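These notes concern the structure reproduced below.
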Amino acid sequence: DTAVSQTPKYLVTQMGNDKSIKCEQNLGHDTMYWYKQDSKKFLKIMFSYNNKELIINETVPNRFSPKSPDKAHLNLHINSLELGDSAVYFCASREGLHPNTGELFFGEGSRLTVL
Amino acid sequence: DQQVKQNSPSLSVQEGRISILNCDYTNSMFDYFLWYKKYPAEGPTFLISISSIKDKNEDGRFTVFLNKSAKHLSLHIVPSQPGDSAVYFCAASPYSGNTPLVFGKGTRLSVIA
C-alpha cells in the first residue's frame, strides 16, 4: 500500500501544452511538498502546503500552480510547458510543518519530458 | 548558491569494506541533517538523521558524523553490501521553523561484490 503516490509516472508532451501531476498520501500527514530534480540532479523545493494552505513558494514561475483540495492531495498543474521544465518531479509529505515532526516521505517521482 | 554540497558524484567500494560519503554545508542556521537513499525509478527514502546537539548517530551499519566547526558531515556504512548501491542525498535545515529541507546533488555509491 503506497504511502505517497504520484501519477503519471512518465509524461511526454510538446512545448506550450498544459499538464497536471497528481499526488496523494495516505499517511495522515498535514504537510505536503513538491520537489523538482533537474538535469543537474539537485532536489529543489518548489512548494509546500500545510493543511491545504500554501506555506512555501520558492520563486517558481507562475506557470506552475499547485492545488490542494484536501490535506491528502497536492496536485501540480503546469501551463505553457517549456523545454526547461523537463525534470523529475517528486511529491513528498511529512507529519507536520517543522523538521522535528519527522522525516519526509517521497513518492516515486514523475518524469516530465517536454519536446 | 549550493548550501549543501556533495563534492563526490560517485564512489565505488568493495563489498564488506567501509563506505564513507561526505557532505558540506554553508548555512550556519542548519542544525538538523539527514541522509536519504534513492534507488533508480524510486523516490528518496529516509536513512538516518542527526541534530547539531550530537556529533554522532548510529543505526545498525549506518553512522552519521557531524563536525559543526567544519560544517561537515559524513555517512559511514560498515560493512558495505551490494544492496547499498544507490544514490545518497545529504539534506539539511533548521530544526524548527518553516524552512524546507535543502538537498545536495547526491553521491552514487556502487558496492562491488
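We did not get these values from a lab; they are worked out from the coordinates using the rules stated. On a predicted model such as this, the values are computed, not experimentally measured, just so you know. When we count neighbours, we look across all protein chains shown, and the Cβ atoms used for this are built from the backbone with ideal geometry, even at glycine.
Things to note:
- Meets criteria (surrounded by 20 or more Cβ atoms within 10 Å (Cβ to Cβ) and more than 14 Å from chain B (Cβ to nearest Cβ)) for A:L11: no
- Those strands (runs of 3 or more DSSP E) of segment A:18-114 in which at least 2 residues are within 9 Å of chain B (Cβ to nearest Cβ), surrounded by 14 or more Cβ atoms within 10 Å (Cβ to Cβ) and without any contact (Cβ under 8 Å) to a residue 24 or more places away in the chain, considering only elements entirely within it, cover A:43-50.
- Scanning segment B:58-68 for residues that are in a strand (DSSP E or B) and either touching a Gly at 6+ places or on another chain (Cβ under 7 Å) or surrounded by 14 or more Cβ atoms within 10 Å (Cβ to Cβ) (or both) returns B:F62, B:T63, B:V64, B:F65, B:L66.
- Any hit, segment B:25-33, residues being over 12 Å from B:V102 (Cβ atoms), more than 14 Å from every other protein chain (Cβ to nearest Cβ), touching a strand residue (DSSP E or B) at 6+ places or on another chain (Cβ under 9 Å) and not aliphatic (A, V, I, L, M): no
- Among residues of segment B:40-57 being in a strand (DSSP E or B), surrounded by 13 or more Cβ atoms within 10 Å (Cβ to Cβ) and more than 10 Å from chain A (Cβ to nearest Cβ), the one that is farthest from the chain's Cα centre (by Cα) is B:N57.
- Selected residue [charged (D, E, K, R), facing chain A (nearest Cβ under 9 Å) and surrounded by 14 or more Cβ atoms within 10 Å (Cβ to Cβ)] from B:K71, B:K37, B:K5, B:K105: B:K105
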